[in-house]
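The values are calculated or read from the model by the stated rules, or taken from the named source; none is laboratory data. The structure displayed is predicted, hence computed values, not measured ones. So basically every Cβ, Gly included, is an ideal-geometry build from the backbone, and we count neighbours across all protein chains shown. Side chains included, ligands, DNA and RNA excluded: accessible areas come from the protein's heavy atoms. Shrake-Rupley method; radii C 1.70, N 1.55, O 1.52, S 1.80 Å.
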Amino acid sequence: MNNEAIAYVGEHTWAGQLGHVLAILSLVGALLALVAYGTSTRRGDGSWTRLARGGFRLHSVAVLGIIAVLFIMLLNHWFEYDYVWKHSNRTMPLRYIFSCFWEGQEGSFLLWTFWHVVLGNVLIWKAREWEAPVMTVFALVQAFLATMLLGIYLGDVRIGSSPFLLIRQMPENIGLPWTALPNYLERIPQFADGRGLNPLLQNYWMTIHPPTLFLGFAATLVPFAYAIAGLWKGRLRDWMAPALPWTFFGVMVLGTGILMGGAWAYEALSFGGFWAWDPVENASLVPWLTLVGAGHLMLVNKRKETSLFSAFGLTLITFLLVLYSTFLTRSGVLGDTSVHSFTGEGMLPGLLVFMLTFVWLSVVSLLPDAGARKFFTGVALALLLIGILLELYVAAILVFLALAIGWTVGAYRRFPKPEQEEGLWTREFWMFIGSLVLLLSAAQVTFSTSVPVFNLLLEPFQAPLTKLGESTGSEWIKSLAGAKLAPPSDAIAHYNKWQVPFAFIVALLVAFTQYLRWKSTDMKRFWKQLALSLAIAVVITVIGVVLLGYQLAELDLIALFFATAFAAVANATWIWKGLKGSFDKAGSSVAHVGFALVLLGALVSTSRQDEVSRNSQGMDLRFLNEGFSNSTDILLYQGDTVRMGDHYVHYREKRAEGVNLYFEVDYFDVKPRQYRQGDTVRVRDILFTANDDHVASPEFLLDQPTHWTPLEDYPRRALWHARGWSSTQPGEQLFQLEPFVQLNPRFGNVAEPSTRHWVDRDLYTHIRYADLDTGDTSGFMPPRLYEKLLGDTIVTPTSVLVMDSLRTVRDSVTLAMLGPEYTVYMLRMRVRDLYDSQRWFEARPVVIYRDGQPVASKGFEVPDLRVRYDLASVERAEEGTRIGLNVYEREFLVMQAIVFPGINILWIGCVLLFLGTLMAVRQRLKRRNA
Amino acid sequence: MKRSHIIAIALIAVAIAALVSSLYDSSTYADLEEALANPGTEYHVVGTLDRSAEIVYEPSRNASLTEFTMVDLEGNTCRVKLAKAKPTDFERSERLVLIGEATSDGEFHARDMLMKCPSKYNEENRMVGA
């Protein structure tokens, strides 16, 4: 069936066609720029540069055009387009149109491309002599990104994925009957509105986080392109001066983007923290680490001629890691390991070729002579052919990567070495070491995030590994042979094991390296200058250890605490000691203080986070499994006031506002309990009565001899109803938090946290479970029906019921009031607290029948057990009397609450890191332009 | 030996240690059959929620315990005790990854669970029947 012959009604096909044409133009422009800039680089010919600029402009206009067309489609709600239908809807406020623009795979590629276009045009304007080689690299990247948006087929292989496909053109829909309906847009109700944006993403973070992060990714391309240009031109050191401001611009923007992601998770998502070592988070952190290292190595090489090879290495690897992280998060290889990666959708081969091409480019550029370059290129092409033709993909990639590493090590010879070794106590040496530690840190995170990739790489080696495992008897090698590795079960412990020591070293280096001098240092002067900071840091550490209660077993944390405090203090002092208060040059010191505070805040808030929402009711989970932590969730019955951490909490009521269902939770002060003479309390199975008015001590045993007398004779009922002794009681109300649930039938409900901020700590709460029926204001949860025979025992989640007898109420008053056509049944039950075999109550629910049908009932509430019993039905059957009983629990919610101490240190650190880097970039630009 | 050589060797040593550690600390994906055959060993098990079986979540008994039945990719089923509150929209989940161990009496005790909802990133186009 040829659908092209059908005249479809109501489609705006021109937009998609224009989009496709623009996508092709953007590729053509990028390719033209690539060839022309490449030629210009080789020949140094200005006329080629002019042609190349034309090409890049064409590319730029085409990219802006694609963006404009996509926006027009989104703003006009043309739901015949798959991207529009999947990511937007009619009720969406305008500001979310941006969010849904880059929510999808194609849109986020477009965002990335857009930033490259912006940066590329700035470079055309500013880069002067470096323009041709730098822009050659840019054009190559843009050509790859442009193909990612093509969505055309070469044979069976789809190249890229286009945002301009109509839904009826989607591969999964082609050939379906409805695609032959000319008026399908009117006939099929689903086309009336799009799916809209996931409620998780409907907040301002989604508007600002992705553009920032992608600008950060894009910024890493600039130093990469300069490094490649430097290699091509043989100007091994000159490229760093123009690349440096860009590098720290990248550090600033990418760092901000990453921290925004953390802030988003913390403020608006119920992940329970700001960093979870999720693969997608890791993938953005890793390039930042190496970019910071690269920037510092460039600084070293500018002053002293050392660290040249490592400066190249880290600069090149940063962009390669950006590509790798794109590959990880978009190709689908992460699969089940991440909650927020994209699914593959056939992007894997394209992304792989993209990434490996730049590995090849990096290695080839590092190689010293033309012969080696040609040889390596030839080998790479041969491996590509072998890989594709013999379907030995993994083997070909592994051989290629091994050769790439081998050749890179070989290329090391090309780089000039300083004649004598640098001194041990010099700034350049320790900056070099620090950068290498950052590289190691990045490598560790990369390895652990790459576990799913290792499975792919291990697969061809199953046979030899199995053999090796059998001969050595190693379970571990056998598990490798299975190629079914999963991420570490306790990811946080795994990462901390490595990253805490790395962070310790880096923080220590950040602390003292500024105090060292280039070339050689007078060590006496060094210690004199540093002594005060060291002393202050020791004092802060001692105070911190005491206040936060760090134990000796947590020596690694204490060490990190000290190192970060030292780094913050030493860098703050440096502004006066080293720079004599010159604020212009203080950028790096401010940034270092910020970095140290980010680490310190993260250390304190995560190592001392306290899940205060412990549950004291019901069953202990550790009976089930020792590995289970007992209850991180607190159960709050409406109306009850219970102790939680440093407060009493009280779930007042729920309130619907638009699509949000708010749960009002009051927080009260904790104050010592006042007892009056004659008050009765229960301690274990004994009742005590108060001798006098008194204020409770922390322990009952302290009070008992003077204030309490055990009762000897009392009815058992008194024991069941008596309250336990407690040293505290709720004081005045301090504040209210309103965690809420966003109700969304299409995407599922989303719980959003509510956080109380203090200077020294935060209390973060969110709903885990609640009755989401907005119409139900009865104060009870939905009932549960039990159907049993009279005389049976029912076990509910909180109580044990013994249905003793059923009485038909026939007294004259009832008969007179209702008339003879009604029958009234009353069930007599004994009710026991499920968790206290001594607490017995009685319940007598009533049901009224007329003509064999229940018409009314009167429930019976047992407030001590927070339940109400409703008699639903009474049926005489052969085997006995069948009773239907509805059990209502009082309305409750389940909440998680975590106290994060010192989290403000982290946020202050973020701001300082941002400002400091900004100051440093400005200073560097000023110096270059002066 | 020059200092740069020492640094290079230390660098490579730490990098290799980190690589081995990431492999060593990693858990293993398994199906239920394998997990049940090795009680007490921690696994990641991928599968789906058995919607025909009862999901039990009794907050008043324990707010952090959810019981349900899982079907793994091979079609094996097993009763699961998960030490977490029942996630919102659990019934709509498309894919589950349980992290935990089997017990000797044939249950699976999950410490943690990753859940993917169809809606999150790639809901199927529900127009097939239209």
Approximate spin-label separation A:THR641-A:LEU392, in nm, with each point projected 7 Å along Cα-to-Cβ: 7.7 nm
Electrostatic dipole magnitude of region A:492-608 [Cβ: Lys, Arg +1; Asp, Glu -1; Cα centre; debye, to 20]: 480 debye
Carbon + sulfur, % of accessible area of region A:1-197 - ligands and nucleic acids excluded, 1.4 Å: 63 percent
Fraction of accessible area attributable to carbon and sulfur, region A:797-930 (%, probe 1.4 Å): 52 percent
Separation of the A:ASP851 and A:THR793 label points, Cα + 7 Å toward Cβ, nm: 4.2 nm
q = 0.14, 0.15 Å⁻¹: log10 I(q)/I(0) that the Debye formula gives for region A:1-197, counting C-alpha atoms only: -0.81, -0.89
Calculated P(r) of region A:631-770 - Cα pairs past 22 Å, %: 53 percent
Förster radius 60 Å - calculated FRET efficiency between B:HIS5 and A:ARG57, Cβ distance, rounded to 0.05: 0.75
Positive dipole terminus of the protein assembly as shown, leading residue within B:ILE6, A:ALA146, A:LEU390 (C-beta point charges): B:ILE6
Contact order normalised by residue count of region A:45-162, Cα under 8 Å, 6+ apart, percent: 19 percent
Charge-dipole axis of region A:631-770 as Lys and Arg at +1 and Asp and Glu at -1 on Cβ define it, positive-most pick from A:PRO745, A:HIS694, A:GLY731: A:PRO745
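With n ≥ 4 as the cut-off for DSSP H runs, can you work out [θ] at 222 nm for chain B, using -39500 (n - 2.57) per run divided by the number of residues, rounded to the nearest 500?
Calculated from helices alone, the mean residue ellipticity at 222 nm is -7500 deg cm²/dmol.
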Calculated SAXS-style log₁₀ I(q)/I(0) at q = 0.11, 0.16, 0.24 Å⁻¹ - region A:855-930, Debye, Cα scatterers: -0.61, -0.83, -1.08
Sulfur and carbon atoms: percent of accessible area, chain B [1.4 Å]: 53 percent
Using alpha-carbon coordinates, inclination of helix B:3-25 to the longest axis of chain B, degrees: 20 degrees
Gain upon complete extension [A:LEU403, A:ALA816; 0.36 nm per residue less C-alpha separation]: 138.6 nm
Chain B, relative contact order [Cα under 8 Å, separation at least 6], %: 21 percent
Solvent-accessible area buried by pairing A with B, both sides, nearest 100 square angstrom, 1.4 angstrom probe: 6200 Å²
Over chain A, relative contact order from alpha-carbon pairs under 8 Å, at least 6 apart, %: 9 percent
Fully extended contour minus Cα-Cα distance, from A:THR777 to A:LEU719, at 0.36 nm per residue: 17.6 nm
Ordering of A:805-814, A:397-406 by packing [mean C-beta count within 10 Å, highest first]: A:397-406, A:805-814
Excluding exposed DSSP-loop GluC sites (Glu not before Pro) (at most 13 other C-beta within 10 Å), longest clean stretch of chain A: A:173-390
Estimated 222 nm signal from helices in chain A, with DSSP H stretches of n ≥ 4 weighted -39500 (n - 2.57), rounded to 500: -17500 deg cm²/dmol
Evaluated at q = 0.07 Å⁻¹: base-10 log I(q)/I(0), Debye formula over Cα of chain A: -0.77
Cβ-placed point charges (K, R +1; D, E -1), dipole of region B:27-121 about Cα centre in debye, nearest 20: 480 debye
Reciprocal mean inverse distance between Cα atoms of region A:737-889 - Kirkwood radius, Å: 18.4 Å
Probe 1.4 Å, accessible area per residue of the protein assembly as shown, Å²: 44 Å²
Residue (of A:TYR81, A:VAL222, A:VAL642) at the positive-pole extreme of chain A, dipole from beta-carbon charges: A:VAL222
Residue pairs, from the table A:LYS86/A:LYS654; A:LYS524/A:LYS580; A:LYS654/A:LYS788; A:LYS233/A:LYS585; A:LYS304/A:LYS577, whose Cα atoms sit over 25 Å apart: A:LYS86/A:LYS654; A:LYS654/A:LYS788; A:LYS233/A:LYS585
Partner lysines for A:LYS478 [C-alpha distance under 16 Å; skip if fewer than 8 residues away on the same chain]: A:LYS467
A:VAL800 versus A:VAL9: modelled label distance in nm, points set 7 Å from Cα along the beta carbon direction: 7.0 nm
Total charge dipole magnitude, region A:36-120, about the Cα centre, Cβ charges on Lys, Arg, Asp, Glu only, Debye to nearest 20: 400 debye
Inter-centroid distance (Cα atoms) of region B:9-27 relative to region A:520-577, Å: 30 Å
Amide hydrogen neighbours beyond the local backbone of B:GLY100, cut-off 5 Å, H modeled: B:TYR43, B:VAL45, B:ARG111
A:ARG42, A:ARG922, A:ARG839, ranked by accessible area, largest first (probe 1.4 Å): A:ARG42, A:ARG922, A:ARG839
Restricting region A:699-804 to trypsin sites (Lys or Arg not before Pro) in coil, as DSSP defines it, with at most 12 other Cβ within 10 Å: A:ARG746
Restricting region B:1-108 to trypsin sites (Lys or Arg not before Pro) in coil, as DSSP defines it, with at most 16 other Cβ within 10 Å: B:LYS2, B:ARG51
